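Please treat every number below as a calculation from the coordinates, not as lab data. None of the values given here were measured: they were computed from a predicted structure. Neighbour counts run over all protein chains shown; Cβ positions are idealised from the backbone, glycine included.
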């Protein structure tokens, strides 16, 4: 049975729309785009034909890129609260690593303008560059750019980093936590993928959120003690009166 291009797009959407509301039907797991099983038992083995330079969101290479970004997000989510509470911005190894990570997310912003999206009403892949750009600019673009701006570099030029100043820049650097949406999207896909246990996926998500919340709470508590006029009246200062010297 032969399907037109629109039908192939439609069936591709039904089978791979993990994060868009459809259920995963990939036969070979998370990275697969072949052997799709559309509704009514029809089978197709050809990928949707998109315009030149447009990438399918279900392409295994793009999926691998998204997984790579998730590891960078985990790094950003862990280091951002730590830098916010404990560190001053200076040109050290951590400064270089942070800017390299920012470069990867800047690449992802550019790549997003060439990634087709699934229309939630028709379940067709939209590969019109103008529509893709309009949709992205009107949704997550501003937040993605804000989370990628090299705040640390700006802080070095406008604040005296030797005196642990620049609280405003530190707050702006926390915009990097916006990148956590990549992790949320990954868990949403895995929860709908029949090749992954829903129970263990939810448990992993719960443990991850708990660890992140505890990490943030610890960093915020230290920042309060470090900046409070009388540190001994804080929780950390009451237990460790000389915590500043011990930190150094």
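For the pair residue 61 and residue 213, a Förster radius of 45 Å applied to the C-beta separation gives a FRET efficiency near 0.85, rounded to the nearest 0.05. Here the label points at residue 94 and residue 167, each 7 Å from Cα along the C-beta direction, are separated by 2.0 nm in the simple model.
Can you work out the FRET efficiency for the pair residue 119 and residue 174, with r the C-beta to C-beta distance and R0 = 45 Å, to the nearest 0.05? Please list the in-between numbers first.
Values: r = 34 Å, r/R0 = 0.76.
Between residue 119 and residue 174 the formula returns 0.85.
Which value results for Rg/Rh of the range 162-247 when Rg is the Cα radius of gyration and Rh the Kirkwood radius based on the inverse mean 1/r? Radius of gyration relative to Kirkwood radius: 1.16.
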